[in-house]
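Read the figures in this text as sums done on the coordinates, not as results from a lab. Note that this is a predicted model, so its numbers are computed, not measured. Here Cβ is always computed from backbone atoms with ideal geometry, including for glycine, and neighbour counts include all displayed protein chains.
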Amino acid sequence: MYAEPETMTTAATDLAGIGSTLSEAHSVAALPTTAVVPAAADEVSTSIAHLFSQHAQDYQALAGKAAAFHDQFAHNLTTGAFSYASIEAELVSFLQSPLNTILDALYSQFGVSNVVNVLALLELPILIPLLLLTSPIWIPLALIVGPFLVILAAA
């Protein structure tokens, strides 16, 4: 599964439009439903009108909470899309960096395990995260086993 920032942004925009339409509909329906006029002047009509008005007020309160949740969801979706796009751009920039080009050249010239062993012998732990980001998944194994193999070979 892939995240597509453009699709996420479009979905957030569509959700915001739906939320706006719902809020407008709730506003239009609020007055006639929350203040129901009794059908007659008797006690039963007044009680029923009050009951319906109370239900409408409860509905409007829940609709307000749902609208707040909806707005927050659309906002989070937009923020997530921008965050994902930003991180993706940073990774593309890193993968096109000169350091990555140098590491690729070293890997192709000397082999991945030899480069890892040399860096382990030179004790350059700062480069280990870069190696993990720029090389195959079996690099961690070479980082762990490589120094022991060098020590065994020297003995």
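Amide H contacts for V36 (H built 1.01 Å from N in the peptide plane; partners 5 or more residues away or on another chain; cut-off under 5 Å): S53. The length gained by stretching the chain between S108 and S45 to full extension, at 0.36 nm per residue less their Cα-Cα distance, is 13.9 nm. Distance between the pseudo-spin-label points of K65 and E4 (7 Å out from Cα toward the beta carbon): 3.6 nm.
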